[in-house]
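What follows is one structure encoded as structure tokens, with my remarks underneath.
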Amino acid sequence: MNEPQGKALFQEIGYEAGFHREQAPTHLDFALRLHGAAGPSPAEPYHYLELGCGQGTTVAMLAAANPDCRFVANDINPEHVRNLRALAADGGLANLTVIEAGFAALATAALPPFDVITMHGVWSWVGETNRREILALVAARLKPGGIAYVSYNALPGWSVAAPLQRLLERHVAAESGAIETRIGRAVALMETLRGSGAHYFSANQPASRWLDSLAGKDTGYIVHEYLARNFAAFYAPDVHAAMAEAGLSFAGTAHIIETSEENGMPAAVPGRSPPRRTARFGR
């Protein structure tokens, strides 16, 4: 691998644990049906792969709830892998395999074809080399008729806060001391700019809300979410085109509320942070 798969400038810091329902096959099946499409039935035994699983809460819960299905998860952060293996052992999850390896190594591992491949917080946080490896892996490992789920930071929505993310990243990189202190100083600088009446904030309320959203956030979340070496946002057609190279076609959003809006049921979401697009791609 020519570039680190690791998401953050401070790779030794673990990501926060959390369950992401959009990765669940039952959720994906429901979202597919709303779009008039079909994928692998979650009522039947399936093979499931999560790429870049982090602490692995999602894949562990899915494995516990579906003992007749097989789950594989990978990450290159030793802490993530160690914690997930301990969680699997404590839960007796014999149907969950955890692999400490990058995407290229995973593509050549002795693994079965998968009905579902998911990645949360990966596509926008790794570089081009890793994205090419992901596409090769999906092309080689996803079954015909299978479904791939990918979340990413979407444009144009992310453009409102992108300058603040860059300011945070560069300020933290230029500072010294504990990471919590560096982040605190960077946030204080942005607060000072806002308090001084900077037109960027007064004319850009979503950016101001993004700054407010940092309050109380776990350090691991901020590090992995906003301090990635390769942090990037993408227009949806560009992600669709990339997935097409792996033989996939766009099936729709995995955010049910967005599907509801498309069907004429508006949903007010005040204070929403810059969007992360979640999409499903199928064969």
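All of the numbers you see were taken from the coordinates with simple rules; none came from a lab. Values in this document were obtained by computation on a predicted structure and should not be read as measured data. Methodologically, a virtual Cβ is constructed for each residue, glycine included, from the backbone with ideal geometry; neighbour enumeration extends over all protein chains shown.
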Quick one: putting +1 on the C-beta of Lys and Arg, -1 on the C-beta of Asp and Glu, what dipole do you get for the chain around its Cα centre, in Debye to the nearest 20?
-> 340 debye
Cα pair distances in region 157-226, grouped into 10 Å bins until the bin that holds the longest one, percent each = 20, 57, 22, 1
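Sum -39500 (n - 2.57) across every DSSP H segment of at least 4 residues in the chain, then divide by the residue count to get the 222 nm mean residue ellipticity, nearest 500.
Counting only the DSSP helices, I get -12500 deg cm²/dmol.
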Please report S208, S213 as a ranked list, fewest other C-beta atoms within 10 angstrom at the top and most at the bottom.
-> S213, S208
Starting from the Kirkwood radius over alpha-carbon pairs of region 113-207, derive D by Stokes-Einstein at 10 °C in a medium of 1.306 mPa s and give it in µm² s⁻¹.
-> 97 µm²/s
Final fewest-first order of V126, V187, V150 on the 10 Å Cβ neighbour count is V187, V150, V126
Using a 10 Å cut-off on Cβ atoms, rank the peptides 34-40, 115-121, 195-201, 56-62 from the highest mean neighbour count down.
-> 115-121, 56-62, 34-40, 195-201
Dipole check, the chain, charges on Cβ (K,R +1; D,E -1), about Cα centroid: among I134, F234, P45 the Cα furthest to the positive pole belongs to F234
Give me F114, F234 ranked fewest to most by other Cβ atoms within 10 Å of their Cβ, as a rough exposure proxy.
-> F234, F114
Matching label for the computed Cα Rg over 2.2 N^0.38 Å, out of (1) 1.02; (2) 0.90; (3) 1.22, is (1)
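Of the peptides 225-232, 90-97, how do they stack up when ordered by the mean number of other Cβ atoms within 10 Å, highest first?
Output ranking for 225-232, 90-97: 225-232, 90-97.
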